Structure formats: structure tokens, C-alpha cells
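S.K.: Sharing a structure below in C-alpha cells format, with a few things to ask.
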Amino acid sequence: MKNVLSWILIVFLTVSLLNNCFSNSVRKETKERTSFLARLRELYSSGDSSKWPKPVLDPEARPYFSEIGHLPDIQFPKDNPYSEDKALLGKTLFYDPRLSKSDQIACASCHDPELGWCDNRTFSFGHNRQLGTRNAMSILNVAYARTLFWDGRAASLEEQSEMPIRDEREMNGHIDLAAGKIAKIKGYELLFERAFGDKTVSKDRIAKAIAAFERTVRSGTSRFDQFIDGNAAVFSDDELMGLHLFRTKAQCMNCHSSGYFSNNQFENVGTSLLGSKEEDPGRYLVTKNPADAGKFRVPGLREVTRTSPWMHNGSMKTLTEVIRFYSRGNPEHSQKRTTVHEGITLTSEKSGFVRLLDLTDEEIAQLEAFLHTLSSKPETVIPPALPQ
């Protein structure tokens, strides 16, 4: 009996000792984590990005890198300076379906301010209900994009603004005919006169007015902006860790840098699906350089929570799906990497930036939490009365 009691006592003491050690270990780990988060919170909300932990960058990313932060002031081109009257004219034209052949499709049909200045569709409907071939990019913060469209085929907003008008799948019009239609509308005379000094309507003026308006479509102050300006309490611990992961382990900064959260480059993330019915050679269609096959413009991430679905083909419906895609390094299917396009053999060479990250479920959730802080309060945009 004594032996049994002795063994019970030994087991009890051993369990108590182990529990005590475990509790001490948990307390120590919790204390260390709390201390780490407090230090990160202090650094990132200091108002001085030079105090932030160094970002994890590949050597190839450094030439195009600038630290994330606030959006800079909008720069207007010298040959198309800003004026309130020109932006108002541009906004009116942006909403006017009479620029299209059918008089039913406006720029705002695919770029709705209530839907993050896109349309939240995989592909947009255009002339005669035709589906487009790529997801409609949001025009939020488009002033900071150096080229336009997924493949960068437009070098300026002035050049971009007329392309949807003449695209057969979109507005199916002609910029000269569209300008002629607008010139016949009496109510536009005063708007053009205020914007440009006289009543003359031309395709050049239409393009400049729409571009001037589109440059004003800009994000407001986000919680991220407030946080880095010193409002340390505006971020939860998960959002804070998401910011830190974004700049370090997740290696998002290789492509999504600057206040615009894009390096304005073209990258191949392995989504071109060459050799399939859904293939899209991407940037190659513009440059005709086989090395550009499968490359698409890196979009900015501000307001990203409002601009679903994502990717050039609108193939991803949730941010969790997008983050998991990058965490797994997108193991591109070997049978969808090669095609023959107009007699030229093209092969998709995925960027070295896209590789296995092996993020945990908690880290994926933290990254998503951080991305939510990049969205600002949607502005109420009242459509203009169309001239008659």
C-alpha cells in the first residue's frame, strides 16, 4: 500500500512540475510576443519609415522599389493641366453613353464608383452584351499608373480614354464619330467653353477631359495612413502582424511597393494558361517580345478589398484565395505553359518572385487583415446631369 501511495505522490508531483513548467513557458512566450508586437507597433507608427524593419527584397526588385506609405500629390501633364471645369466636363463625358455606338454604354458602365470604380464582374458586358476578355481594372488611383490596361498598351490616360470607345467588344464606336455626336449636343457647348476656352469639340479634347477627371479618382485616408502617421491604436495585433509579414516573410514588397502599392512593372505569376482555351499572352501582344509572354501589369493594392474578383481573368473571388495562391508559389501546370501564337512559339516563364512561401493559416489571415486597412471610406459620387 505504501508503494502505491508513493507512486501516486511521485506522479502527482511530476504532473504538477510539468504543468508549472508549461505554464511558465506559455507565460514567457506570451510576454515575448507582447513585447515584439509592442516594439513593431512603436516602429511602424513612429511617423518615420526609416525606423521600420528592413523589407525582404530580391535583388531584382531593388531597382523598382520605393517604400510603402502615403499616396503622393497627383501630377498632371503639362499639356493637360488640371482645372475644375475640365474635370467636370470629363466626369460628364465619363457618364455619357452617347459616346458608344448603341448610346447605351458609358465608361461608368464598367467603372462604377459604388463598386470600387470597377464592376465586380469576372468579365464586363459590352456592345450587344458581348463579354470582354479581361477583368475590368478599377480606375481608383489610376493617376499613379505609368501605363494602362493589364498589358500596358496605353502610355497615358489621354491615350487610354479613347480605346474603350472604339473597342468592338466594349463601346464599339469611333472616336471621330463620337466627337461628332457630342458636338451636336447643345448642352455641351458651355462645358467645352469653360474647360478649353471655346466651344470646339474634338477627340483630343474629349480624351483630355476624361483623363483629367480620371486622375482625380483617388483614395481617401485609410487606416494604414492613419497608423503610419502615429495613430498606433487604429491597428489590431493581427493587422500589425499582417503589415510586418507583407514587408518581410510574405515578400509582397518585391512587386507591391510605393504609396500606390505597385512597382508599376509587368510580372508573370503563371496565370496566362498558354495552350488552353483561356490562354492570354499578356504583355507579349503589345511588345511582341517572347520574354513578355504571360506578363501582366502589377496592380496597386489600395482599395483592393473593393475591387474583386482579382487577376487579369477575374479567376479569384476571395482575398484568402489570392494569398494562398502566392503562398503556394503557384505550381504552374506544365501543359499550360506553351503555345504557338501567330506562328511564334511562346513559353510562360514564371517570375522568380513567385515561389513557395509556406505561410500558416494564421499568417494568411493576418495578411488579409492588413489588406483591409488599405481601403478608405467610399466617397459618394453623384452622377452628373447629362447635357441635352
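None of the figures in this text is laboratory data; all of them are computed from the coordinates on show. Values in this document were obtained by computation on a predicted structure and should not be read as measured data. As a convention, Cβ positions derive from the backbone with ideal geometry for all residues, glycine included, and neighbour counts pool all protein chains shown.
S.K.: 5 Å is the cut-off here: which amide hydrogens, built 1.01 Å from N in the peptide plane, fall below it relative to His341, excluding neighbours closer than 5 in sequence?
M.R.: It is Leu346, by chain and number.
S.K.: Continuing with the same structure: Under the 0.36 nm per residue contour assumption, what length would be gained going from the current alpha-carbon distance of Ile382 and Glu67 to full extension?
M.R.: Extra length from Ile382 to Glu67 when fully extended: 109.9 nm.
S.K.: Pick out which of Tyr144, Tyr64, Tyr44 has the largest mean-square fluctuation in a Gaussian network model of the chain, springs linking Cα atoms closer than 10 Å.
M.R.: Greatest mean-square fluctuation among the candidates belongs to Tyr64.
S.K.: Spin-label point model (7 Å from Cα, Cβ direction): what's the Ser83 to Arg328 distance in nm?
M.R.: 5.5
S.K.: What is the extension gain from Thr305 to Ile344, computed as 0.36 nm multiplied by their sequence separation minus the C-alpha to C-alpha distance, in nm to one decimal?
M.R.: On the way: separation 39, 0.36 × 39 = 14.04 nm, distance 3.82 nm.
The span from Thr305 to Ile344 would gain 10.2 nm if fully extended.
S.K.: Also: Given R₀ = 45 Å, FRET efficiency for Ser315-Ile8 by Cβ-Cβ distance, to 0.05? Write down the numbers at each step before the final one.
M.R.: Values: r = 62 Å, r/R0 = 1.38.
About 0.10, to the nearest 0.05.
S.K.: Calculate one ³J(HN,Hα) per residue across the stretch 146-160 by plugging θ = phi - 60° into the Karplus curve 6.51 cos²θ - 1.76 cosθ + 1.60, and present them in order as whole Hz with x for glycine and proline.
M.R.: Values, residue by residue: 7, 9, 10, 6, 4, 9, x, 6, 10, 8, 8, 5, 4, 6, 5 Hz.
S.K.: Oh, and also: State which entries of Lys249/Lys350; Lys186/Lys208; Lys277/Lys336; Lys295/Lys336; Lys101/Lys184 exceed 18 angstrom in Cα-Cα distance in the structure shown.
M.R.: Numbers: Lys249/Lys350 20 Å; Lys186/Lys208 20 Å; Lys277/Lys336 10 Å; Lys295/Lys336 14 Å; Lys101/Lys184 15 Å.
Correct reply: Lys249/Lys350; Lys186/Lys208.
S.K.: Within the stretch 371-388, list the residues whose amide N lies under 14 Å from a label point set 7 Å along Cα→Cβ of Lys199.
M.R.: 388
S.K.: From the phi angles alone, apply the Karplus equation (6.51, -1.76, 1.60; θ = phi - 60°) to the stretch 205-221 and give each ³J(HN,Hα) in whole Hz, x where the residue is Gly or Pro.
M.R.: Taking θ as phi minus 60°, the curve returns 5, 4, 4, 5, 5, 4, 4, 4, 5, 4, 5, 7, 7, 9, 5, x, 6 Hz for the stretch 205-221.
S.K.: Then there is this: Below 13 angstrom from the Cβ of Gly126, what's the summed charge of the other residues (Lys, Arg +1; Asp, Glu -1)?
M.R.: Net local charge, Gly126 excluded: +2.
S.K.: Determine ³J(HN,Hα), in whole Hz, for all residues of the stretch 351-365 in sequence, where each value follows from phi through the Karplus function 6.51 cos²θ - 1.76 cosθ + 1.60 and θ = phi - 60°; x replaces Gly and Pro.
M.R.: 4, x, 5, 9, 8, 4, 9, 6, 6, 6, 4, 5, 5, 4, 5
S.K.: Pull up the DSSP beta bridges for the chain and report the antiparallel fraction as a percent, rounded to 5.
M.R.: 85
S.K.: Describe numerically, in nm with one decimal, the distance between label points set 7 Å from Cα along Cα→Cβ at Gln75 and at His174.
M.R.: With each label point 7 Å from Cα toward Cβ, the separation is 3.7 nm.
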